[in-house]
Every structure is written in structure tokens, then in C-alpha cells.
Amino acid sequence: MESVIAQRINFIARMATSCECNHAEDKELALAWIAELSTPLAKQLVNHHETLDE
């Protein structure tokens, strides 16, 4: 599952930085999507790190 999310984040980032995405609103929306997708992964990483510290 994490791999699919990472692939989606990568795709959205590439689309937002491409020449085809020139509107500020589109880039802002892309950043919001990336934030939504990456938040659960960041929480999992923090939980995993805390587990290793115990």
C-alpha cells in the first residue's frame, strides 16, 4: 500500500512541476493532495521510529 501512495505522490509532483501545469491553483491543489497522501505515511514512520526506541 505504501508503494502505491509513494507512486501517486511522485506522479502528482511530476505533473505539478511540468510545463503543462502553469496555473497557481493547480499547483496549490497538487500540494494539498501530496500533503493528504503523505500525512498517514509520516505518522506510520513516527510510530515505527518510536517502536524502535522502546
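Here are the numbers for this structure:
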read-out: Residues of the stretch 1-35 that turn out to be over 14 Å from the mean Cα position of the chain (by Cα) and charged (D, E, K, R), as a count; value: 3
read-out: Filter result for S38 (under 14 Å from the mean Cα position of the chain (by Cα), modelled with pLDDT of 85 or more and surrounded by 10 or more Cβ atoms within 10 Å (Cβ to Cβ)); value: yes
read-out: Yes/no for I34 being of a type in the set (V, I, T) and touching a Phe, Trp or Tyr at 6+ places or on another chain (Cβ under 7 Å); value: no
read-out: Residues being in a helix (DSSP H, G or I) and free of Cβ contacts under 8 Å to residues at least 24 places away in the same chain - total across the stretch 1-32; value: 19
read-out: Cβ-Cβ under 8 Å pairs, at least 6 apart or on other chains, the stretch 36-54 side within 18 Å of R8 (Cα to Cα), far side of a type outside the set (G, A, S) and at pLDDT 90 or above; value: L37/I5; L37/R8; L37/I9; L37/I12; S38/I5; S38/I9; P40/I5; L41/I5
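The values are calculated or read from the model by the stated rules, or taken from the named source; none is laboratory data. If you're wondering where the values come from, they're calculated on a predicted model, not measured in any experiment. Every residue, glycine among them, receives a Cβ derived from its backbone with ideal geometry; neighbour counts consider all protein chains shown.
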